[in-house]
1. Applying the selection to the stretch 131-146, what residues are closer than 27 Å to I56 by Cβ and either over 9 Å from the mean Cα position of the chain (by Cα) or modelled with pLDDT under 90 (or both)?
2. One residue is enough: does the stretch 181-200 have a residue meeting the conditions touching a residue at least 40 places away in the same chain (Cβ under 8 Å), over 30 Å from I39 (Cα atoms) and touching a strand residue (DSSP E or B) at 6+ places or on another chain (Cβ under 9 Å)?
3. Tell me the residue from K219, K229 that is farther than 29 Å from V166 by Cα and either modelled with pLDDT of 85 or more or under 24 Å from the mean Cα position of the chain (by Cα) (or both), please.
4. Could you list, in sequence order, all residues of the stretch 93-114 that are surrounded by 14 or more Cβ atoms within 10 Å (Cβ to Cβ), free of Cβ contacts under 8 Å to residues at least 24 places away in the same chain and farther than 14 Å from L25 by Cβ?
5. Of the conditions (1) assigned to a loop (DSSP other than H, G, I, E, B); (2) without any contact (Cβ under 8 Å) to a residue 24 or more places away in the chain; (3) farther than 15 Å from Q67 by Cα, G130 clears all except one; give me its number.
6. Give the residues of the stretch 74-111 that are among the small types (G, A, S) and assigned to a helix (DSSP H, G or I), sorted by residue number.
7. For F120, which of the numbered conditions (1) surrounded by 19 or more Cβ atoms within 10 Å (Cβ to Cβ); (2) under 20 Å from L84 (Cα atoms) fails to hold?
Amino acid sequence: MNSKPKNNKTEKRKKAKLFSFRYFLFDFVKLTAALPTLIALRPRWHYENKEAHKKIRGAAMTVANHQSYLDPINMLLAIWYRRLHMVATENLFASRLGNWFFRRMLCIPVDKENFNIQTFREVGKRLGEGGVVTIFPEGELNAEKETIKTFRAGVVLMAMKNRVPVVPVYIKPNRHWYNRLHIVIGESVRMEEYCGQGAALADVERAAEVLHARELALKLYLETKLAKKRKGEKNVRKVHGRTDVREDQGV
């Protein structure tokens, strides 16, 4: 008997969030930029398995490799059906205009060199409201296109503290601006399965290594899939008697 009113209240809160003025700028920018972004980047979504194909419901964290300044936009395309609260360098908030804009774009400031408790609390607040928080756990822009740097342990601590799943996402770095964007979405991971509450630092770091390994697995999955596609296209060209086989730069 007591469960029905509780569910009704939850539904009302969700509806209020959906149409809250707090999200006006974020939604406006996202909607107006959607069509030109889709045309320019031509994104293609790949999924690790059937579980990964399920939409994110409720509070969660998403993590991704970070090799381009466009990665925040790429993540908005990857999880297009949710608002993403992105953890971003505090340098973006230095000016009055930057502070105003990025906070209304739902960004959370972080000191990359000294992760502080304020960021930790703000992430917890957004997750507590049922939001999706996005973080790039390499901690900085990675100029090396073929590698994914070690993940920092902060993402594990935040996920454990708030008991939310972590969804790994791999964004394929492109050689040229005209290359198609490829995004791989993986199955969600529960960090508490690898280290429980009150775990030692070594356990938390091992959990971060597990998450990093999942990211590398998504990279390998995509590379294998695209290699098979290129091989198939090469065979088709051979069947049609074409000898001028060239690398497909659009893949």
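1. We begin by selecting, within the stretch 131-146, every residue closer than 27 Å to I56 by Cβ; these are 131-142.
Once the filter is applied, which keeps residues that are closer than 27 Å to I56 by Cβ and either over 9 Å from the mean Cα position of the chain (by Cα) or modelled with pLDDT under 90 (or both), the stretch 131-146 yields G131, V132, P137, E138, G139, E140, L141, N142.
2. Residues of the stretch 181-200 touching a residue at least 40 places away in the same chain (Cβ under 8 Å): 181-188.
Remaining after also requiring over 30 Å from I39 (Cα atoms): none.
No - not one qualifying residue is present in the stretch 181-200.
3. Values: K219 fails: farther than 29 Å from V166 by Cα.
After ruling out the rest, the residue left standing is K229.
4. Selection gives F93, P109, V110.
5. (2)
6. So the first thing to find is which residues in the stretch 74-111 are among the small types (G, A, S), and the list is 78, 88, 94-95, 98.
Selection gives A78, G98.
7. For F120, the exception is condition (1).
The rows are residues; the columns are (1) modelled with pLDDT under 95; (2) of a type in the set (V, I, T); (3) closer than 25 Å to R103 by Cα.
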{"site": "N7", "(1), (2), (3)": "yes, no, no"}
{"site": "R22", "(1), (2), (3)": "yes, no, yes"}
{"site": "V29", "(1), (2), (3)": "no, yes, yes"}
{"site": "L35", "(1), (2), (3)": "no, no, yes"}
{"site": "R42", "(1), (2), (3)": "no, no, no"}
{"site": "Y47", "(1), (2), (3)": "no, no, no"}
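The values are calculated or read from the model by the stated rules, or taken from the named source; none is laboratory data. Not measured: the values here are computed from a predicted model. Counting neighbours? That spans all protein chains shown, and the Cβs are built from the backbone with ideal geometry, glycine included.
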